[in-house]
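Q: Starting off with a structure, shown below.
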Amino acid sequence: MNRQTRLKKFKQTRTGKILPLAALGIAGTLYAGKLNRQRKTAAASQSRMPANIEQATTHIKLEWKGEESSYRVFRGEKLIYEGTEPKLADQNLVAGTMYTYCIETLDEHGMLTDRMRIQTATSVDFKEKDNILENSIITTIVTHGQISLEWEPIEGVTDYTIYRNGSKLETVKSCAFTDENIEADDVSTYRIKARRPLQRSDQMKWELKSVVANAVGVIKKDSTTRMAADEEFTISKKIGPLKELLRSPQEIKCMNGNWQLRYTTFLKEEWLKNPNAASPDQIFKGDYRSFDPESSEFRTRGDVFIDTKNPSALLTKATGKTEAYTKELVLLESASAADEGIQLEKVLTDDDRVQFHLNHSVSNPLVMSPAIDYHVCGTFYKNNEFDLVGIHDQAPEHEIYIKEPGSDEWQAIHQAHSKGLEMMADPMANHYWRYSTFTH
């Protein structure tokens, strides 16, 4: 299977699955067991946490643990439930869509005593094999002083390392994590990082990949066998201040408008040696820089402009100049790669969101070489949340930034260092990433 096939357009499909919520601050261990096509977690003892969530393609069922009380549940700003039963079945939903719920507990006088917010998603019908993070359900729960995350397991991964705002917190074996003692003003960005050997879904293909990747790790001085043969996963979740998220749904205001997503690839080195010793082009000039959203030095750049108020998505694209030199650094030739390999496809718009697929495959214009390949599926919601999921070669440097409506500042979404240009070849392991928000 070639690289273009492996980086094919993302589908909007996945197998339906039941995913319970991680315990909010409970002591003890989390029991997880697989039963056919569902996964269950032990119920918690704390009264403020939901006991179970069931996600399907067209409905989400919430059931939370509570004493005799009255409850209100909002989806977004819409009141969808009032009653004394601590459960709800929200019907007629859209498959593969992110939803946010606010559960309010009231006393006998109708006064608010507690509030909790949950962000989760509906499932889809078929599982995308090329990127396991696509349509993988991530559930986030926020309550006073606590944030809880749960994600679907990645086949072949045994450990997940959790970071908060760049600081390592813990390595876990379960697919759940609760962070306590969160200040009301904190903005928290969690990153869940994991690795696994090249997937064995196609044994013959995997064996070929493994042989080549391990050979690269042995031969290349600045590489390792594991570096060449391991796939990397990064799941990121940005969570806004709890004092804002736990306000009344009617008080939370969203600013629809223009977003800008910038995806740039570049070479950090000043000079790079051509691995083909027979070529007259012995040395190539790099971009000689570190991560910088505004730099004019790059291999390729794609800017996607998303309008959630008047739903649309547009692409502008550019490629940098490639320069080849002799060993004595005498310029031989230069050219810019064609930008036809950067395409915005499958732009879908409806009342609630804008979705697009950004495909990229661009090669060195001077010599035969593997292309720089990546793919991004972006979904921007009118409630100001967004969800980005992508896959890319582990070379060269990849950097992704975003500007929110009404802001001129770039936010870093994903940055990945190159592991060597040979990582662009077909047999090498890829980097899978996802970034989503819960800020409104």
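The values are calculated or read from the model by the stated rules, or taken from the named source; none is laboratory data. Predicted, not measured: the structure shown is a model, and the values here were computed from it. In this analysis, Cβ positions are derived from the backbone assuming ideal geometry, glycine residues included, and neighbour counts consider all displayed protein chains.
This table checks each residue for (1) hydroxyl-bearing (Ser, Thr, Tyr); (2) touching a Pro at 6+ places or on another chain (Cβ under 9 Å); (3) not assigned by TED's automatic domain parsing to the domain that holds LYS273.
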position: GLY341; (1), (2), (3): no, no, no
position: THR349; (1), (2), (3): yes, yes, no
position: VAL362; (1), (2), (3): no, no, no
position: GLU397; (1), (2), (3): no, no, no
position: TRP410; (1), (2), (3): no, yes, no
position: HIS414; (1), (2), (3): no, no, no
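Q: Consider GLY110 carefully, then state whether it is part of a loop (DSSP other than H, G, I, E, B) and under 25 Å from GLU244 (Cα atoms).
A: Against the criterion (part of a loop (DSSP other than H, G, I, E, B) and under 25 Å from GLU244 (Cα atoms)), GLY110 qualifies.
Q: Looking at (1) in contact with a Gly (Cβ under 9 Å, 6 or more places away or on another chain); (2) without any contact (Cβ under 8 Å) to a residue 60 or more places away in the chain, find the lone condition where ILE182 falls short.
A: The one condition ILE182 does not meet is (2).
Q: Can you give me the number of residues within region 72-87 that are buried (at least 16 other Cβ atoms within 10 Å of the Cβ) and at pLDDT 95 or above?
A: Total satisfying the criteria: 5.
Q: Oh, and also: List pairs: first residue in region 289-318 and within 20 Å of GLU409 (Cα to Cα) and at pLDDT below 95, second residue hydrophobic (A, V, I, L, M, F, W, C) and surrounded by fewer than 17 Cβ atoms within 10 Å (Cβ to Cβ) anywhere in the structure, Cβ distance under 6 angstrom, at least six positions apart or on different chains.
A: From residues that are within 20 Å of GLU409 (Cα to Cα) and at pLDDT below 95, there are no pairs.
Q: What number of residues within region 385-414 satisfy the criterion of being more than 21 Å from LEU149 (Cβ to Cβ), within 18 Å of the chain's Cα centre (by Cα) and among the polar types (S, T, N, Q)?
A: 1
Q: Pick from LYS209, LYS205: which is buried (at least 17 other Cβ atoms within 10 Å of the Cβ), over 26 Å from ALA121 (Cα atoms) and at pLDDT below 95?
A: Just one listed residue meets the conditions, LYS209.
Q: Here is a follow-up. Output the residue which, of all residues in region 365-388 that are in contact with a Gly (Cβ under 8 Å, 6 or more places away or on another chain) and among the hydrophobic types (A, V, I, L, M, F, W, C), is nearest to TYR263 (Cα to Cα).
A: Selected residue: VAL376.
Yes or no, residue by residue, for (1) of a type in the set (S, T, N, Q); (2) under 25 Å from the mean Cα position of the chain (by Cα):
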residue: ARG299; (1), (2): no, yes
residue: ASP303; (1), (2): no, yes
residue: THR316; (1), (2): yes, yes
residue: LYS321; (1), (2): no, no
residue: SER334; (1), (2): yes, no
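Q: Sort out which residues of region 409-420 are within 18 Å of THR264 (Cβ to Cβ) and either surrounded by fewer than 21 Cβ atoms within 10 Å (Cβ to Cβ) or at pLDDT 95 or above (or both), and write them in order of number.
A: Matches in region 409-420: GLU409, TRP410, GLN411, ALA412, ILE413, HIS414, GLN415, ALA416, HIS417, SER418.
Q: Okay, moving on. Take the conditions surrounded by 14 or more Cβ atoms within 10 Å (Cβ to Cβ), at pLDDT 50 or above and in a loop (DSSP other than H, G, I, E, B) and apply them to LEU93. Does it pass?
A: Yes; evaluated as a whole, the condition is true for this residue.
Q: Which residue, of VAL367, VAL354, VAL362, VAL347, is among the β-branched types (Val, Ile, Thr) and under 25 Å from GLU294 (Cα atoms)?
A: Step by step, each of VAL367, VAL354, VAL362, VAL347 is checked, and only VAL362 is among the β-branched types (Val, Ile, Thr) and under 25 Å from GLU294 (Cα atoms).
Q: So, in region 244-259, exactly how many residues are over 30 Å from PHE356 (Cα atoms) and either at pLDDT 95 or above or surrounded by 17 or more Cβ atoms within 10 Å (Cβ to Cβ) (or both)?
A: Here the count works out to 1.
Q: List every residue pair whose Cβ atoms lie under 6 Å apart, where the two residues are 6 or more positions apart in sequence or sit on different chains, the first residue falls within region 146-164 and is assigned by TED's automatic domain parsing to the domain that holds CYS175 and in a strand (DSSP E or B), and the second residue, located anywhere, is of a type in the set (Ser, Thr, Tyr) and surrounded by fewer than 16 Cβ atoms within 10 Å (Cβ to Cβ).
A: THR161/THR171
Q: Does SER167 fit the bill of being touching a Ser or Thr at 6+ places or on another chain (Cβ under 8 Å), polar (S, T, N, Q) and either closer than 30 Å to SER248 by Cβ or modelled with pLDDT of 95 or more (or both)?
A: no
Q: Could you list, in sequence order, the residues of region 327-370 that are within 20 Å of ASN131 (Cβ to Cβ), modelled with pLDDT under 95 and of a type in the set (A, V, I, L, M)?
A: VAL347, LEU348
Q: When region 128-156 is examined, which residues are found to be more than 16 Å from ARG434 (Cα to Cα) and surrounded by fewer than 19 Cβ atoms within 10 Å (Cβ to Cβ)?
A: Across region 128-156, the qualifying residues are HIS144, GLY145, GLU155, GLY156.
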